[in-house]
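Here the structure comes first, spelled out in structure tokens, and everything after it is commentary.
The values are calculated or read from the model by the stated rules, or taken from the named source; none is laboratory data. Please read these numbers as outputs of a predicted model, since none were measured by experiment. Backbone-built Cβ (ideal geometry, glycine too); neighbour counts: all protein chains shown. Note: accessible area is taken over every heavy atom of the protein model, side chains too, but ligands, DNA and RNA are not part of it. Shrake-Rupley method; radii C 1.70, N 1.55, O 1.52, S 1.80 Å.
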Amino acid sequence: MSGLTLQGISKHFGAVTAVDDVSLTVPHGTFVCLLGPSGCGKTTLLRMIAGLENPSAGRILLDGADMTAVPTHKRDFGMVFQSLALFPHLDVSENVAYALRIRGVAAEERRRRVDELLSLVHLPDYAQRPVSKLSGGQRQRVAIARALAVSPKLFLLDEPLSALDAKLREAMQVELRQLQQKLGITTIVVTHDQREAMTMADMVVVMGEGRIRQAASPIEIYRRPADTFVAGFIGSTNLLDVGCDGAGRAVVAGVVMPGLALPDGAERARLSIRPEDVQLAAPAAGRLAGRVTFLRDLGGTIETYVEVAGTTVVAVSTPRERPAVEAGADIGVVLPAEHCVVLRQ
Amino acid sequence: MRRDKPRTLADHLPLAFPAVMLVVFFVVPFGTMIAVSFFRRQQGGFYTVDFVLANYERFLTAFFGNVLGFSLLLAAAVAVCCVVLAFPFTYFLTCRARRVQVAWLIALLSVLSLSEVIIGFAWSTLLSRTAGISNLLVAVGLLDQPVALVPNFAAVMVGMVYQALPYTILVLYPALVRLDNSFVEAACTLGASPLRGFFTIVIPMLRNTIVATLIMVFVFALGAYLLPQILGRPQHWTLSVLITDQAIYQSNMPFAAAMAVFLVLISLALVGLTLLVGGRREATP
């Protein structure tokens, strides 16, 4: 098996279970984002992959070889820490060259490699600067160059962009993704920012309460969330109760929804639909009836808040398809079956 | 917070009290000592007010040179031993659980409460032939018969390191406990074993703390005068022992004062030199 494989990884801190039976396969060259709210165990999982924590149970395999008992310094993984942990007593080139110096690389070869890495992260003229004289974005780049110095088998990043301001963070996301594609290196990033995950990842692993809730491509996570936790965490969504009538058809607020089916054996479920997929139409029989409660006109998009049987449904549309409605008006709501995801409760 | 320049008398008052205390209890006695060091000694009496350099001239003999040299060497050896022992110990202590750290710090504080006299006699008993630890080694079978490990230079070192070690640890502790663990973890992910990370990251990062601690223990050890007498032979006596001897037993206050002033100047000069060397290396990394 080529790539990184996690088999039944768990981690307990006393009575607290930080990571609970996680299994995952990451093929080589994949960019993976571990995404979840704080305290979901994503950082602990990354630290176990790096060897900085020992799993309480389970195995970590790289290309079929068991790495679980290999100490951190023999794993050859590059890591960028949340605090960056740049060594303050060394200048930029010495920081980047640290891993090479530890491995006894000759001075000339070291200098050549440092120049190569610094131009890779667009900091060619900064080699002799002390790290304390760098801006946040530059420190970020130095930390990335340092972690990549020995061409690691795995590139691990723990909330690497959280210290940057919003604009710089967006730019660095694109840059990091381009760098990863250029080097073809298997990369795992921990983040709590779903925009960051959507921008960079080939595979998003959504974690909650120490477990993997869903691992799939960003668009699949968005379009086909596995449960209400994932649906609510990625983007915004409308969640509606679904019941069934005597004939076994799916019913929302007393209206039969053609084309929808409840999960096998379930009598009740939740329906998730993205705001941009909700359509508004004139009230009619056999159509969900609602009342517009609020209009949020953001210029580029318009959000219409409709109350349907006690639940607020948000519909997003562009000004071009602006619905002719105003607050307080009665309106019909259409939920196209192909955009609805029925989730177990 | 508002920070205006102090104008009225009331603004100056909070500083006035410590200033007065410092002048009365430190500057004045120190000035008196400097003055006395130039007075003329009266044989059989005390001293008369005068201005002579005879007290300082007496240093320029091999005997006092040796004693001064030995004092400085002993203090430096104690400082190095303490830091070499305390630094790894404190580092590993800060890696332990908070509860363990507190227990150790309380134990160290309780060692601080022991007086120098108790430490001296405790060690001279522990190292003695009749009741010392060599009896244990005989019981285990490592030695044929008990030996006296006191008085000698090693015993002086043991006693003084024992006395200064808690101070060293307590001075190093705040700097080490603040050290972010991710620096060593980063070194590990870059291929350095934990030991290598300790030498290439932790020690260089805390170089200034280490130098400051060395100076503190050095100055602390320079003032020792009881332990060298209890645990050492006369050739292990420090300048402080001679000062006490001259001041109290020989009633030669001017010479004692001159030696004390000299000791202060020498230690100030050494501390200044260390800071100068450290500061220069800092400026050109």
Can you find even one residue in the stretch A:245-259 that is more than 18 Å from A:V342 (Cβ to Cβ) and either more than 31 Å from the chain's Cα centre (by Cα) or surrounded by fewer than 15 Cβ atoms within 10 Å (Cβ to Cβ) (or both)? yes
Would a scan of the stretch B:49-70 turn up a residue that is open to solvent by less than 60 Å² (accessible area, probe 1.4 Å) and at pLDDT 90 or above? yes
Among the residues of the stretch A:54-73, write down those that are within 14 Å of another protein chain (Cβ to nearest Cβ) and charged (D, E, K, R). none
Selection count, the stretch B:82-101, where residues are part of a helix (DSSP H, G or I), over 30 Å from B:I230 (Cα atoms) and either among the aromatic types (F, W, Y) or open to solvent by 70 Å² or more (accessible area, probe 1.4 Å) (or both): 5
On the basis of being out of contact with any Gly (no Cβ under 9 Å at 6 or more places or on another chain), farther than 21 Å from B:L190 by Cα and open to solvent by 10 Å² or more (accessible area, probe 1.4 Å), does A:S56 make the cut? yes
Looking only at the stretch A:142-177, filter to residues that are over 20 Å from A:Q194 (Cβ atoms) and open to solvent by 40 Å² or more (accessible area, probe 1.4 Å); which one of those is nearest to the other protein chains (Cβ to nearest Cβ)? A:V150
Would you mind stating whether A:L34 is more than 14 Å from every other protein chain (Cβ to nearest Cβ) and either surrounded by 21 or more Cβ atoms within 10 Å (Cβ to Cβ) or modelled with pLDDT of 95 or more (or both)? yes
Those residues of the stretch B:34-48 which are assigned to a helix (DSSP H, G or I) and open to solvent by 50 Å² or more (accessible area, probe 1.4 Å), in sequence order: B:I34
The condition from (1) at positive phi; (2) facing chain B (nearest Cβ under 8 Å) that A:L84 misses is numbered (2)
Out of contact with any Asp or Glu (no Cβ under 9 Å at 6 or more places or on another chain), surrounded by fewer than 20 Cβ atoms within 10 Å (Cβ to Cβ) and of a type in the set (S, T, N, Q): does that describe A:S135? yes
Being more than 10 Å from every other protein chain (Cβ to nearest Cβ) and either touching a His at 6+ places or on another chain (Cβ under 8 Å) or outside any helix (DSSP H, G or I) (or both) is the filter here, so list the residues in the stretch B:177-231 that pass it. B:L179, B:G223, B:A224, B:Y225, B:L226, B:P228
Condition broken by A:Y98, with the remaining ones in (1) within 13 Å of chain B (Cβ to nearest Cβ); (2) farther than 15 Å from A:A147 by Cα satisfied: (2)
In the stretch B:136-155, how many residues are crowded, with 16+ Cβ neighbours inside 10 Å and touching a Ser or Thr at 6+ places or on another chain (Cβ under 9 Å)? 5
